[in-house]
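Peer 1: Provided herewith is a single structure, encoded as C-alpha cells, for subsequent inquiry.
The values are calculated or read from the model by the stated rules, or taken from the named source; none is laboratory data. For clarity, every value in this text was computed on a predicted model and none was experimentally measured. A quick note on method: Cβ atoms are made from the backbone with ideal geometry, for glycine too, and the neighbour counts reach across all protein chains shown. What goes into the accessible areas is simple: the full protein's heavy atoms, side chains included, and nothing from ligands, DNA or RNA. Shrake-Rupley method; radii C 1.70, N 1.55, O 1.52, S 1.80 Å.
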Amino acid sequence: MLSPSRALRIAREMPLLALEDAVRRVGFERFQDAELDPLVTETQRAVLADAADLTMSCRELLERWMQLRWAAHGRHSVTVPNALALAVRGMELHGYTCNDVTVPELTLHVSVPLVAGITLPDASGRDWPVTDMLIASEGNGRQWRVLLEAPGDAPQRQTIAAVRIDWPSGVSVDEAVDRHAREAAPGVDWRGAWRWILGVVLARQSSQTQA
C-alpha cells in the first residue's frame, strides 16, 4: 500500500507527464499554451487535492517546461567569471530601455558564482546562494521567465523561485524592474537580482558585438 507521501509524489508527477505530451503538440513558443492545455489542467484537477498542491504543481510545470525548452533548443549555457559577477553587482541601469536588453537564445542557462550574492530564502527563512538560473525569452523578447535555483542542505531541499518579467518596448529598464518589484513575492531582493542579471546580459551583448 502506498504511503501518503509516496502517493502525493506520484500525483504531482502526472501533470508533468501531461505537460510533456502537451509540448509535443503545441511546441515551446509560450509556456501558457502548454500550462493551459486541457490535458494538463484536467490532470491537475483529477490528481491534486487542494490549492497548495495546485500552486506547487504550477511552479513545477514551469520548471519542467523551461528544462525541456533548454534541452530542445541547443542547451545554451554561460558561466559568469567572478570578476564580472562582482563588477555588475552595483551596476546602474539608468539610461537603458527594454529594447537594449536581449537574449538571442530561446532559453539560456547561467551558472551563478557565489560572489554574485544572489540568495533565496527557504521555507524557514534561511537564505541560500543562487547557483543556477534559466532565462526563457518569450514574445519576441518582450517577456522573460526566469528560474532561480539555490541548493539547500539536502538534495530534496532545493529552493526555487520562478518569475516572469515584462520588457515593454520603449520603457526604461528601471521602470520595468520597479513594476516587477512591486508585484513580486516578498523575501527576495529582486531589484538586486535583476541588476545583476541585466548587467551580465548587457556585458555579454557588448562582448558579442566586439567579437
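Peer 1: For segment 55-171, what is the accessible area per residue in Å², given a 1.4 Å probe and the full set of protein chains?
Peer 2: Using a 1.4 Å probe on heavy atoms only, each residue of segment 55-171 averages 48 Å².
Peer 1: Could you pull the accessible area for residue 115 with a 1.4 Å probe, rounded to 10 Å²?
Peer 2: 50
Peer 1: Roughly how many whole Å is it from the C-alpha centroid of segment 67-126 to that of segment 40-54?
Peer 2: Using only Cα atoms, the two centres lie 32 Å from each other.
Peer 1: Output the Cα-based Rg and Dmax of segment 1-50 in Å, rounding Rg to one decimal and Dmax to a whole number.
Peer 2: Cα-based Rg and Dmax for segment 1-50 come out at 12.1, 41 Å.
Peer 1: Give me Rg over Rh for the chain, both radii from the alpha carbons and Rh done the Kirkwood way, two decimal places.
Peer 2: 0.98
Peer 1: Taking every pair of alpha-carbon atoms in segment 26-77, what share in percent sits in each 5 Å bin, from 0 to the bin with the longest distance?
Peer 2: 4, 18, 27, 23, 14, 8, 4, 1
Peer 1: Using only protein heavy atoms and a 1.4 Å probe, report how much of residue 180 is accessible, in Å² to the nearest 10.
Peer 2: Probe radius 1.4 Å; accessible area of residue 180 about 20 Å².
Peer 1: Considering only protein heavy atoms, what is the solvent-accessible area of residue 14 at a probe of 1.4 Å, reported in Å² to the nearest 10?
Peer 2: For residue 14, the solvent-accessible surface is approximately 90 Å².
Peer 1: Let me ask another. If we count every other residue with Cβ under 14 angstrom of residue 75's Cβ, Lys/Arg +1 and Asp/Glu -1, where does the sum land?
Peer 2: -1
Peer 1: Also, quick follow-up: Roughly how many percent of the accessible protein surface of the chain is carbon and sulfur, given a 1.4 Å probe and a whole-percent answer?
Peer 2: That fraction is 53 percent.
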